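Peer 1: Questions regarding the structure given below will be posed in turn.
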Amino acid sequence: MALIDSHAHLTFPELRDQLEAVLERCAAAGVERVITIGTDLTDAQEALVVARRYPQRVHAVVGFHPHESDTVGDDDLARMAELWDSDDVVAFGEMGLDYHYDFGLRENQQRVFRRQLELAADRDRPLVIHCREAVDDAAALLVEHGFSDRPVVFHCFTGTGAEAERLAERGWRISFTGIVTFRRSTGLQEIARTYPAHQLMVETDSPYLSPEPVRNRRPNEPAHVAHLARFLADLRGEPFEAFAARTHRNTVDFFALP
């Protein structure tokens, strides 16, 4: 049995300062690989350092998170695009729109997202999308820049069944975090129960969103993706080993991992 945490933040202080122990606990839990996400230039560079330090165990995805958009200029975007040309970057992101927190002005979020899509359009990498309460705007920008039927994942999806269907119509997928294990997440559980098996991916978004039964444990960490996978396997009535193998294969294929 092997799992992949398809979205974590190993460079955030809660995990970075105990990285060796975090990866040891991954191995003990059967989590073979971790996709670590860089959310600004400094974080992206640190993510690449970690991926190069642990080849075959950690892979880097880098981009500008919408929370950072108020401070992102053209020079920053050009420097990020240079990082994208590294062979150690397996996807671009997380990028997108967040109308829930609105930590960045919406016009700036859209500007930075649009520019990243322009830069990504002629580069052959998947996209990792952060989207909260902005599915229509995010989808419209993706379509405008030619990303229909290209590999795109809306990470940490918490939207509606109708939204999940609209994304699927464009050839995009969603991924599930520990939120789906929460008792009140009945709508999300219904989506996960019948979500296409060939698109399933699981993630922790650690150091956040610890799943049941470790919901009160802080920080969350990639090893805990095993709890999420077991919950989803039970929810779908599938053997855990088969579910783990499926999500592993889906994630390797999506990110074109070696």
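The values are calculated or read from the model by the stated rules, or taken from the named source; none is laboratory data. These figures come from a predicted structure and were not determined experimentally. Positions of Cβ are backbone-derived with ideal geometry, glycine not excepted, and every protein chain shown enters the neighbour counts.
Peer 1: Of all residues in segment 38-51, which are out of contact with any Lys or Arg (no Cβ under 7 Å at 6 or more places or on another chain) and over 15 Å from L257 (Cβ atoms)?
Peer 2: Scanning segment 38-51 gives G38, T39, D40, T42, D43, A44, Q45, E46, A47, L48, V49, V50.
Peer 1: Now a separate question. I want to confirm something. Restricting to segment 209-235 and keeping residues that are out of contact with any helix residue (DSSP H, G or I) (no Cβ under 7 Å at 6 or more places or on another chain), free of Cβ contacts under 8 Å to residues at least 24 places away in the same chain and of a type outside the set (S, T, N, Q), which single residue is farthest from A29 (Cα to Cα)?
Peer 2: D234
Peer 1: Restricting the search to segment 102-153, which residues are of a type in the set (K, R), surrounded by fewer than 17 Cβ atoms within 10 Å (Cβ to Cβ) and assigned to a loop (DSSP other than H, G, I, E, B)?
Peer 2: R123 - this is the single residue of segment 102-153 that is of a type in the set (K, R), surrounded by fewer than 17 Cβ atoms within 10 Å (Cβ to Cβ) and assigned to a loop (DSSP other than H, G, I, E, B).
Peer 1: Sticking with this one: Could you tell me whether T160 is loosely packed, with under 15 Cβ neighbours inside 10 Å and either in contact (Cβ under 8 Å) with a residue 60 or more places away in the chain or of a type in the set (S, T, N, Q) (or both)?
Peer 2: Taking the combined requirement at face value, the residue satisfies it.
Peer 1: Which residues, counting only those in segment 164-222, are buried (at least 23 other Cβ atoms within 10 Å of the Cβ), within 14 Å of the chain's Cα centre (by Cα) and in a helix (DSSP H, G or I)?
Peer 2: Matches in segment 164-222: G178, P222.
Peer 1: Something else: Any chance segment 46-68 includes a residue that's surrounded by 24 or more Cβ atoms within 10 Å (Cβ to Cβ), over 20 Å from V153 (Cα atoms) and either without any contact (Cβ under 8 Å) to a residue 40 or more places away in the chain or among the β-branched types (V, I, T) (or both)?
Peer 2: Taking every residue of segment 46-68 in turn, at least one turns out to be surrounded by 24 or more Cβ atoms within 10 Å (Cβ to Cβ), over 20 Å from V153 (Cα atoms) and either without any contact (Cβ under 8 Å) to a residue 40 or more places away in the chain or among the β-branched types (V, I, T) (or both).
Peer 1: Now, a different point. Can you tell me which residue within segment 24-42, out of those that are of a type outside the set (K, R) and under 15 Å from D205 (Cα atoms), is surrounded by the fewest Cβ atoms within 10 Å (Cβ to Cβ)?
Peer 2: Looking at residues that are of a type outside the set (K, R) and under 15 Å from D205 (Cα atoms), I get T39.
Yes or no, residue by residue, for (1) at pLDDT below 95; (2) within 22 Å of A91 (Cβ to Cβ); (3) touching a Gly at 6+ places or on another chain (Cβ under 7 Å):
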residue	(1), (2), (3)
L200	no, yes, no
S210	no, no, yes
P213	no, no, no
P219	no, no, no
A226	no, no, yes
A233	no, no, no
R236	no, no, no
A244	no, yes, no
D253	no, yes, no
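Peer 1: Tell me yes or no: at least one residue of segment 163-172 is closer than 20 Å to T39 by Cβ, touching a helix residue (DSSP H, G or I) at 6+ places or on another chain (Cβ under 8 Å) and not basic (K, R).
Peer 2: No, the conditions are met nowhere in segment 163-172.
Peer 1: Which condition number in (1) farther than 23 Å from V143 by Cα; (2) of a type outside the set (G, A, S); (3) in contact with a Gly (Cβ under 8 Å, 6 or more places away or on another chain) is the one that D88 fails?
Peer 2: With (1) farther than 23 Å from V143 by Cα; (2) of a type outside the set (G, A, S); (3) in contact with a Gly (Cβ under 8 Å, 6 or more places away or on another chain) applied to D88, the lone miss is (3).
Peer 1: Name the residue that is farthest from the chain's Cα centre (by Cα), counting only residues in segment 236-245 that are surrounded by 14 or more Cβ atoms within 10 Å (Cβ to Cβ) and more than 16 Å from E203 (Cβ to Cβ).
Peer 2: E238
Peer 1: On to the next question. I need a count of the residues in segment 70-89 that are under 18 Å from L48 (Cβ atoms) and touching a Leu at 6+ places or on another chain (Cβ under 8 Å).
Peer 2: Looking only at that region, the number is 10.
Peer 1: Return the total of residues in segment 173-208 being touching a Leu at 6+ places or on another chain (Cβ under 9 Å), within 18 Å of V31 (Cβ to Cβ) and not aromatic (F, W, Y).
Peer 2: Matching residues across segment 173-208 total 11.
Peer 1: Which ones in segment 244-258 are assigned to a helix (DSSP H, G or I) and in contact (Cβ under 8 Å) with a residue 24 or more places away in the chain? Walk me through it before giving the result.
Peer 2: Step one: list which residues in segment 244-258 are assigned to a helix (DSSP H, G or I), which gives 244-255.
Selection gives A244, A245, R246, T247, H248, N250, T251, V252, F254, F255.
Peer 1: Now, a different point. So is F12 surrounded by fewer than 19 Cβ atoms within 10 Å (Cβ to Cβ), within 16 Å of the chain's Cα centre (by Cα), of a type in the set (F, W, Y) and within 22 Å of C156 (Cβ to Cβ) or not?
Peer 2: yes
Peer 1: Another question about this same structure. Which residues, counting only those in segment 60-101, are small (G, A, S) and touching a Cys at 6+ places or on another chain (Cβ under 7 Å)?
Peer 2: G96 - this is the single residue of segment 60-101 that is small (G, A, S) and touching a Cys at 6+ places or on another chain (Cβ under 7 Å).
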